[in-house]
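Report on one structure; see the data block that follows.
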Amino acid sequence: MEWTQRPGIGPSAEILGDELAGRRVMELGCGPGHNAAHLTSLGAKVTGVDRSEGQIQRALAHYGHHGTEFVHSRALGYLTRENGRLDAIVSVFGAIGLDEPSKLLSACSRRLGRKGVLAFSVPHPQRTGTIPVSPRTRDRMTLPDGTATTVDRWDIDPAAWVRALNRAGLLITGVQNLFAPADARWPTTLLITARKP
């Protein structure tokens, strides 16, 4: 399974090469289900996981008839409770970066089959011009369903992500600093892809 970047598309839509038909894919932090449903339409067997019950209800309302499975759970809990091997795990500004990285990345590595792919995007740690002194911050945010919540965020530099992924047993296949809009002074998104050997 090969992953390459298509401009303007999140990592969940970047699978090229092998056909997706029958491939097992999980999206961590699926929100209202758009990315998960897109992968299902390409033939993958997709499970979308989100810790917000409201987001899962939105996903089911939009795509419950579509063949995508949606699960209300924290990502780490679901990854450790279930057993089946996965061909790919994606997170588009989802759970990766919102849970402690070493535990979550290790759980992803355990669930991925041989040559399985992990692809995720997080807000770039340098988006304000400097990398935060403390990697863990606490943000108050309002979800699209209107509920307010406090989330922990890990803003770590790209090299720290690479080390964490390597410690989890994954090989880096790409680290991209994305800028938006085109004249932005600092990168706004960090896109990372890795593979299970």
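The values are calculated or read from the model by the stated rules, or taken from the named source; none is laboratory data. The shown structure was predicted, so the numbers you read here are calculated from the model rather than taken from an experiment. Just so you know, the surface numbers come from the protein's heavy atoms only, side chains and all, with ligands and any DNA or RNA stripped out. Shrake-Rupley method; radii C 1.70, N 1.55, O 1.52, S 1.80 Å.
Some notes on this structure:
- Protein accessible area in segment 69-197, 1.4 Å probe - carbon and sulfur %: 52
- Amide proton proximity set for V71, modelled H, under 5 Å, gap of 5+: G48, V49, D50
- Accessible area of segment 72-197 divided out per residue, in Å², using a probe of 1.4 angstrom: 50
- One quarter of the surface of the convex hull around the alpha-carbon atoms of segment 42-197 equals 10.0 nm², the direction-averaged projected area.
- In straight-distance terms, cross-link reach from K115 covers every one of the lysines whose alpha-carbon lies under 19 Å from its own, apart from those fewer than eight places away in the same chain; here that gives K45, K196.
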